[in-house]
Amino acid sequence: MATTVKLDAGAAGHGAEPRGKRDDDGQATYLIAIAEALWEEMERDERVYMLGEDIGAYGGAFKVTEGFLDRFGSGRVIDTPIAEETIVGMAVGSAMEGLRPVAEFQYADFMSSGFDSIATVLGRYHYRSGVPLPVVLRGPSGGYVRASSFHSVNPEPWFAYGGGIKIVAPAFPADAKGLMKSAVRDDNPVLYLEHKWIYRRIKETVPTDPDFLVPIGEAAVKREGTDVSIITSGALVHKSLEAAENLAQRGVSAEVVDLRTIVPIDEETVLNSIAKTSRALVVSESYRFVGIGAEVGATIAEKAFEHLDAPVTRLSPPNMPVPFSPTLEDAFLPQVADIERAVEELSAW
Amino acid sequence: MATEVDPTTAPAEMSGGSRPLPDDELVRMLHVLKLCRYFDERMEALYRQGRLPGAIYSGRGQEGTHVGVTWALRADDSLFPTHRDLTAQLTKGLDLKRVMAQFWGRIDGYTRGRDGNSHIGDWQGNKTFTVMSHLPIAYPVAVGAALAYKLKGEPNVALAICGDGSTSNGRWHEAINTSAIHRLPVVWVVNNNQFAYSTPNALEFPIPTIAERSVAYGIPGVRVDGGDVLEVFEAARAAIERARAGDGPTLIESVSLRWRGHAGHDPAKYMPDELLQDYMANHDPVRNLEDFLLAEGVVTENDVDALMERVEAEFEQGYEYALASPFPEPADATKGLWVEDGYWTSEPGRAGGTEA
Ligand SMILES: Cc1ncc(C[n+]2csc(CCOP(=O)(O)OP(=O)(O)O)c2C)c(N)n1
């Protein structure tokens, strides 16, 4: 079971201190798990290489790639200029020539600076040409770290909309490792979102089998329950689990479904959960209007109507920049208490 | 540093009066030039008659640039063109019949009906990128192909083309800058046809030439006369050799004029008539090579006539092939987004019929 380590993430969630190692009992942070997956995939397949800003000697803004340059050299760990359109373009062009690039975005926020190469080229090339693009774009997303408007974004709706790109957003170290390995081995483009609030906070036992894979497209029930289903992803999985624990003490049984993959979404696991609980709370860190929660909610309303005993309810922030001040950010993003309140309202139906 | 372009193209002085290629290759080059010119004219006529769906982007007057740069590539080198550069793709080896099937939305087109007109490519066969509209979006992708050649130690070169207007876009700078930092095997070609849709050079950049921008990237820049296919070819050959030798990118600005509107719908009333007349009379890359080869005794008038007959027959065959090719099956519209559905690795459905 995962344990929460109360670490101070520092300004904007940065971790300038070393990435660290697994504990002696095999527990690893999410950050370590992601790095392990990348390391093992680069060891396994020499076509895999990385590119991005400050990923070489510096080891990346969050230290995911610390030590990679020494092991794999500057031909496979490539520092780029601040040129996001070109970072993605390079990934695409080299994938067309048989390589398997993993491009780091310093923050997922800057995916918007490479938008055209992502949405137009990466997402639409295979459909028109039949040329596979095994490209992974990865970067830290999400809030709760006092990083304000330009370092807290959840970009998944931007890229889910256009189609042609798989999107994963793991919440646990083992899932993070298994999904990263699946992403690198996938022949389609994959956007891999690492929640920066989780990086150094959550630890668990992570498999060491070099072929440990978590399939893309499968959600997971992280806590069983009977009264209400909470459908969520990323940092909010942990907040939902905390809320479910508190609710249990008050006699309300909440099930927590971690989507893990946003595209393609695992409708079956979501709908099975609703069939069991008859009540759906969709908790999403992406914005309310046209966000991932809106899509999940619509799917439930359309396909699980006969099971529902209450309106499908959404909890997500408004379509506005994420504010900085602790009081503002806390009011803006869904909190444990908000989740508890919403579940109680739903279970009253 | 940028070199100055010849103000006029006198056929007898083409390529400094010497023949940079064996005679049989020069005759093949004339064939491609004439085929692409004829194709361009005939397709426009069909479009105007309402017999061609979609859009057309004429490259007329710029064939010297397209054929010249592409001629210098090897089969394993890659080409990253735009909507304007169909002639370059045909030069690289695309089959005219399948190109025409694409224009009519047929299953035998290179994109299986998923795209139209010059938004075409054949990576698996001829190493050309399937064109995307957003300009110049293939420039960053060419950096990636060149990076792969360098990382894998392959002796290939990537060559990307875009228009003068595209040089104003940020990714043009990003791509050239990044390729120069890593000394990648790539050649950057700008087809300066003096207009970006209706916008003239003066409203796209405040300096006299595009080639001189190379100085800012620490790479060579050359400016050549797009009316002289052999001059373009020689500049491209030198740049490609340089790239292949590991000495990094070169910027080539090839100057011509867009003889037609931006696309089939555009009458180009903004185009100064004297400029157009001058270019059509004095900078016609097709006629220039023909006159040069006649003057040099490489071809006779009879040879040229025979070449034209062949070109017309090739066009007719392409047209018949295109109209006989079935439309894609409607049920296949959603296939091929993901690799694992296997659409692109199996034969497509061909029951779509030929009536539309
Ligand atoms: C990013 C982008 N903005 C706008 C357009 C619409 N557009 C298509 S072609 C064109 C003009 C292009 O001019 P230039 O780069 O000189 O190439 P040319 O068409 O003259 O070959 C424009 C504005 C586009 N394709 N891409």
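Computed from the coordinates by the stated procedures, all read-outs in this text should not be read as laboratory data. Computed from a predicted structure; not experimentally measured. Cβ: placed from backbone, ideal geometry, glycine included. Neighbour counts: every protein chain shown.
Per q in 0.09, 0.12 1/Å, what log10 I(q)/I(0) does a Debye calculation on the alpha-carbon atoms of the protein assembly as shown return?
-0.83, -1.22
Based on DSSP H runs of at least 4 residues, each adding -39500 (n - 2.57), what is the mean residue ellipticity at 222 nm of the protein assembly as shown after dividing by all its residues, to the nearest 500 deg cm²/dmol?
Working: 23 runs with 261 residues, N = 705.
Computed mean residue ellipticity for the protein assembly as shown: -11500 deg cm²/dmol.
Looking at the stretch A:18-205, what % of its DSSP beta bridges pair antiparallel, to the nearest 5?
Bridges in the stretch A:18-205 that DSSP calls antiparallel: roughly 15 percent.
Amide H of A:L191 versus every other amide H placed in the peptide plane: which residues, excluding those fewer than 5 positions away on the same chain, fall under 5 Å?
Answer set, sorted by chain and number: A:L137, A:K166, A:I167, A:V168.
Can you tell me what the convex hull of the Cα atoms of chain A projects to on average, as an area in nm²?
On the way: hull surface 66.7 nm².
Computed as one quarter of the Cα hull surface, the answer is 16.7 nm².
Of all beta bridges DSSP finds with both residues in the protein assembly as shown, what is the antiparallel percent, to the nearest 5? It would help to have the intermediate numbers written out before the result.
Working: 13 of 65 bridges.
Percent antiparallel among DSSP bridges in the protein assembly as shown is about 20.
Hey, got the dipole for chain B? About the Cα centre, +1 on K and R Cβ, -1 on D and E Cβ, debye to the nearest 20?
Values: 33 positive and 51 negative charges, 251 e Å.
Computed about the Cα centre, the dipole is about 1200 debye.
Whole-Hz ³J(HN,Hα) for each residue in the stretch A:215-226, computed from phi via Karplus 6.51 cos²θ - 1.76 cosθ + 1.60 with θ = phi - 60°, x for glycine and proline: what do you get?
Going residue by residue, I get x, 6, x, 10, 7, 9, 7, 8, 8, 7, x, 10 Hz, with x marking Gly and Pro.
Between helix A:292-303 and chain A, what is the angle of the helix's C-alpha long axis to the longest principal axis, kept within 0 to 90° and rounded to the nearest 10?
50
Calculate I(q)/I(0) for the stretch A:220-347 by the Debye formula, one identical point scatterer on each C-alpha and no solvent, and give its log10 at q = 0.18 Å⁻¹ to two decimals.
The computed values of log10 I(q)/I(0) come out as -0.89.
Where q = 0.08, 0.12 Å⁻¹, what log10 of I(q)/I(0) comes from the Debye formula for chain B, counting one point per Cα?
Calculated log10 I(q)/I(0) at the listed q: -0.38, -0.88.
Taking H placed 1.01 Å from N in the peptide plane, check which residues at least 5 places from A:M50 or on another chain put their amide H under 5 Å from its amide H.
A:V77, A:I78, A:V102
Could you work out the local net charge near A:G20, counting Lys and Arg as +1, Asp and Glu as -1, over the other residues with Cβ closer than 14 Å to its Cβ?
Working: positive: A:R19, A:K21, A:R22, A:K63, A:R200, A:R201, A:K203; negative: A:E17, A:D23, A:D24, A:E36, A:E66.
Taking every Cβ under 14 Å from that of A:G20, the sum is +2.
Considering the dipole of the stretch B:27-331 built from charges on the beta carbon (Lys and Arg +1, Asp and Glu -1) around the Cα centre, which of B:Y149, B:G218, B:F39 is farthest to its positive end?
So the residue we want is B:Y149.
If neighbour count is taken as other Cβ atoms inside 10 Å, put A:H307, B:H83 in order from fewest to most. Can you show the working numbers first?
Details: A:H307 17, B:H83 20.
The order, fewest Cβ neighbours first, is A:H307, B:H83.
By its C-alpha gyration tensor, with a ≥ b ≥ c as the square roots of the eigenvalues, how is the stretch A:48-188 shaped: rounded for a/c under 1.5, else prolate for a/b larger than b/c, else oblate?
On the way: a/c = 1.40, a/b = 1.09, b/c = 1.29.
Taking the square roots of the gyration eigenvalues as a ≥ b ≥ c, the stretch A:48-188 is rounded.
By how many degrees, between 0 and 90 and to the nearest 10, does the Cα long axis of helix A:235-249 differ from the longest principal axis of chain A?
30
Please work out how much length the chain gains when fully extended from B:T354 to B:A238, using 0.36 nm per residue of separation minus the C-alpha to C-alpha distance, in nm with one decimal. All intermediate terms of the calculation are to be shown ahead of the outcome.
On the way: separation 116, 0.36 × 116 = 41.76 nm, distance 4.67 nm.
Extending this stretch completely gives an extra 37.1 nm.
Taking the Cβ of A:D54 as the centre, find all other residues whose Cβ is under 15 Å away and add up their charges (Lys, Arg: +1; Asp, Glu: -1).
Values: positive: A:R19, A:K63, A:R138; negative: A:E53, A:E66, A:D79, A:E84, A:E104.
Neighbour charge sum, excluding A:D54 itself: -2.
Pairing the Cα long axis of helix A:336-347 with the longest principal axis of chain A, what angle in degrees results, from 0 to 90 and rounded to the nearest 10?
For helix A:336-347, the angle is close to 50 degrees.
Name the residues whose placed amide hydrogens come within less than 5 Å of the amide hydrogen of A:K222, ignoring near sequence neighbours (fewer than 5 apart) on the same chain.
Here the answer is A:V256, A:V257, A:D258, since their amide H atoms fall under 5 Å of that of A:K222.
Which percent, nearest 5, of DSSP beta bridges in chain B are antiparallel?
Values: 3 of 24 bridges.
Around 10 percent of the beta bridges assigned by DSSP in chain B are antiparallel ones.
Per residue, what volume in Å³ does the Cα convex hull of the stretch B:213-356 take up?
Values: hull volume 37.6 nm³, N = 144.
Considering the Cα atoms of the stretch B:213-356, their hull volume per residue is 261 Å³.
Rounded to whole Hz and in sequence order, give me ³J(HN,Hα) for the stretch A:38-46 from the Karplus expression 6.51 cos²θ - 1.76 cosθ + 1.60, θ = phi - 60°, writing x for Gly and Pro.
Karplus-based 3J(HN,Hα) across the stretch A:38-46 equals 5, 4, 5, 5, 6, 5, 6, 9, 6 Hz.
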